[in-house]
Amino acid sequence: MTDESINKQIDSLRSLIEFYNIQYYQLNDSEISDSEYDKLFNELKTLEDLHPHLVSPQSPTQKVGSPPLDQFAKVNHKSPMLSLGNVFDNEQLEAWYSRISRLLDDDSFEMQCELKFDGLAVSIIYENGSLTTGSTRGNGIIGENITNNIKTLKNVPHNIKSSNNSLIDIRGEVYCPLDQFHSFNKQRELQGLQPYSNPRNTASGSLRQLDPEITAKRPLDIFIYGIGTTIGIHEYETHSETLDWLKSQGFNINEHRKIINSVVEIADYYAYWTEMRNSLNYDTDGIVIKVDSYQKQNVLGAVAREPRWAIAYKYPAKTEITKLIQIGINVGRTGSLNPFAELDPIAIGGVTVKNATLHNYEDIQKKDIRVNDFVYIRRSGDVIPQILGPVLEKRTGNEQVFTMPTECPSCNSQIYKYSDDVNYYCINSECPDQFENHLIHFVSKNCMDIRGLGEETIRSLINSKLLNTPADLYELTFDQIISLEGFKQLSTNNLISSIQESKQRPLYSLISALGIKFVGSEVSNLLSRNINNIFDLFEMNESKLTAFPGIGEKIALSICSYFSNDNNIYQITRFRDLGVNIYSNNTIENQSNILLGLTFVITGRLENHTRSEFESIINSNGGKITSNVSNVTNFLIAGADPGSKFTKAKELNVNIITEQELLEML
């Protein structure tokens, strides 16, 4: 394979892993199991190991977690909160042991085996003996400040014995005990609320509440598993001694830890807990092995996001057999038809499983999964159930082969299948099942940027029959909005103003907001730079679109399919008639690549141009706009009264320029 093709494969894996990182760490959710994620991650790591010149500092293999959420104040960790590497069998474990033995020039050293808890990693800072800061892991360098929420945990002391001018950074995992998780979910169901899907999401979501009183009512606990930075605190020589001291200070230290001296002992510990894990009142997804001596830990150090001196040995996924009653179809925001299995309910690892993912039609065919089959079901990573395949010896002849529908099960529109995509799609923008999620996308900051339209408000407008298409937004009246729960005169006027302002967004914002498959912000910008108005896209065929640099056959086919749908044509005509900008603004766009490869952030009040105009200028000249200042930011455009982004830019030595200086660059 050429460097170019390998680079494309690496970029694709990085994008996919970053997407799942955001789901898991920020949204407390996941579309894939832990083992599927591990497979993707290890595939990327293998490619980067084979081609080290293609490794980027921004790769998920070089980072931990995902960026902290904007709702919380940020905390810079005293020392990085690293992630653990994984092994999945004894052969991989022995390879890890051999590697660190060579680095230490020693094949006889103590290690500690511990259980690997499935919760949310946190840092708790004590200064002069008092709890001062609690934070999530975030991206490993910067976390979210959740101090008040941490203080609600019963096993976290607010004060410990310590000398003056001391500091200690204690690391732990917040989790939800299984018995309390089930009781909590039963209470939610009795109250008509949606139950949580698993204990890990319950712990993560509960700890990241903006109101600590909500956190205090949730069934949370914590295990402390180590320390980070210490100042003015007696330092022990080993990890196990430190845990003993932390226990004496009132911290909850897991009792099932064990000092061992060989790979054989590790394998025995692992085998025991693989069998006994279901006897515990909390979720574990493996064991952790740590070199006990701090001196040896320092010799081994860390590589990228992982310490060399520790490794996680993951449990095999749990597998059971049950009957597949029916195969249903969900319609996603992009119109993808996602098959799922309705199962005869079965308990796996303390959770009753009624549905399971089937990935896609190609996977169903490949595994020969049929309705009425008995199937092997696995809760991989103890999160999302999936079907491994049929139990062939249980077939009776009453099983039915499944075929994908030719029409959308929600709106009866024709289904499209792209040649290089395993999924089937409904491309009708008025499809009810995808409408709510599509509308959330339409009003988002990177699209039409309609502030004041959150998910609950969108849901209320849909349920009130006030929104049936995105274009209906521009016909909402004051009386209709103020009638919604929570809206007063000021909030109603603000929302109406925001809707009106969105009419003047650049054309690329509207194209991106349409939610055309494969057409994100970059493709939208490219299209807007090569047309006069959106109706030009109705006249373009695949060959004309692929003539634009950056647009391949797959994207061109998707665009042509979208603009051939009568409902979509009608919606865009309505946007035009309601005053939404459908024209490419060539008066301020220089149409060049002078800013190619440069990343910009805007802060403060601009004097001579609107923020949207500057975004259009930058994008049309090859630059990229992001919302947050980071190490990859090249320029911060600062207007009057800049906020925290200005301070962050100074800290990171980012170039700070004015409006005029940007125009001079062009």
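Going down the table (K258/K354; K290/K366; K366/K465; K74/K624), which pairs top 32 Å between alpha carbons?
K258/K354; K290/K366; K366/K465
Can you give the three extents of the C-alpha atoms in segment 318-401 along their principal axes, from longest to shortest, in whole Å?
Largest to smallest, the principal-axis extents are 37, 32, 18 Å.
In whole Hz and in residue order, list the ³J(HN,Hα) couplings for segment 567-573 that follow from phi through the Karplus curve 6.51 cos²θ - 1.76 cosθ + 1.60, θ = phi - 60°; x for Gly and Pro.
Taking θ as phi minus 60°, the curve returns 4, 5, 4, 4, 4, 5, 4 Hz for segment 567-573.
Around I224, with a cut-off of 13 angstrom between Cβ atoms, what is the net charge of the other residues, counting Lys and Arg +1 and Asp and Glu -1?
Details: positive: R171, K247, R257; negative: E114, D169, E173, D221, D244, E255.
With Lys, Arg at +1 and Asp, Glu at -1, the neighbours total -3.
Could you work out the helix-only [θ] at 222 nm for the chain, with each DSSP H run of four or more residues adding -39,500 (n - 2.57) and the total divided by the number of residues, to the nearest 500 deg cm²/dmol? Provide the component values of the computation, followed by the final result.
Details: 23 runs with 226 residues, N = 666.
Value at 222 nm, helices only, nearest 500: -10000 deg cm²/dmol.
Can you return the aspartates and glutamates within cross-link range of K8? Criterion is Cα-Cα under 19 Å, with same-chain partners fewer than 8 residues away left out.
Reachable aspartates and glutamates: E18, E43, E48, D49, D420, D421, E522, E553.
Would you please put 167-175, 467-475 in order of how densely packed they are, using the mean number of other Cβ atoms within 10 angstrom per residue and starting with the highest? Display every interim value, and only then the final one.
Values: 167-175: 22.3, 467-475: 18.4.
Packing proxy ranking, top to bottom: 167-175, 467-475.
Step through the residues of segment 451-464 one at a time and calculate ³J(HN,Hα) from phi using the Karplus curve (6.51 cos²θ - 1.76 cosθ + 1.60, θ = phi - 60°), rounding each to whole Hz and writing x for Gly and Pro.
Values per residue, Gly and Pro as x: 6, x, 10, x, 4, 5, 5, 4, 4, 5, 5, 5, 5, 7 Hz.
Give me the Kirkwood hydrodynamic radius of segment 432-577 in Å, from all C-alpha pairs, to one decimal place? It would help to have the intermediate numbers written out before the result.
Numbers: mean 1/r = 0.0619 Å⁻¹.
Hydrodynamic radius (Kirkwood, Cα pairs) of segment 432-577 is 16.2 Å.
Can you give me the distance in nm between label points at Q489 and S564, each placed 7 Å from the Cα along the Cα-to-Cβ direction?
5.4
Taking C-beta distances below 4.7 angstrom as the pairing criterion, name the unpartnered cysteines of the chain, in sequence order.
C113, C176, C447, C560
Within segment 522-549, which residues have the backbone N less than 19 Å from the label spot 7 Å out from Q414 along Cα→beta-carbon, could you tell me?
Backbone N within reach: 538-543.
In terms of modelled amide H atoms, which long-range or inter-chain residues lie less than 5 Å from the amide H of T322?
Placed amide hydrogens put V375, I377 under 5 Å from T322.
Can you figure out the FRET efficiency of R451 with V264, using R₀ = 41 Å and their beta-carbon distance, to the nearest 0.05? Mind showing how you got there, number by number?
On the way: r = 61 Å, r/R0 = 1.49.
Once rounded, the FRET efficiency stands at 0.10.
Run the simple label-point estimate for K39 and A73 please: 7 Å along Cα→C-beta, distance reported in nm.
4.4
With labels modelled as points extended 7 Å from the Cα through the Cβ direction, what inter-label distance (nm, one decimal) is found for T319 paired with K161?
5.3
In degrees between 0 and 90, to the nearest 10, how far off the longest principal axis of the chain does helix 90-104 point, with axes built from Cα atoms?
Result, in degrees: 70.
Counting only residues 5 or more places away or on other chains, whose amide H sits under 5 Å from the amide H of A302 once H atoms are built in the peptide plane?
R308
At a 10 angstrom cut-off on C-beta neighbours, averaged per residue, how do the peptides 90-96, 251-257 rank from highest to lowest? Present the calculation step by step, with values, prior to reporting the outcome.
Numbers: 90-96: 14.1, 251-257: 16.1.
Highest mean packing first, the order is 251-257, 90-96.
Dividing the alpha-carbon Rg of segment 599-665 by 2.2 N^0.38 Å yields what?
On the way: Rg = 10.8 Å, N = 67, 2.2 N^0.38 = 10.9 Å.
Against the empirical 2.2 N^0.38 Å value, I get 0.99 for segment 599-665.
Every read-out reported here was derived from the displayed coordinates using simple, explicitly stated rules and does not represent laboratory data. Remember, it's a predicted structure, so these values are computed and weren't measured experimentally. Cβ coordinates were reconstructed from backbone atoms using ideal geometry, including for glycine residues, and neighbour counts include every protein chain displayed.
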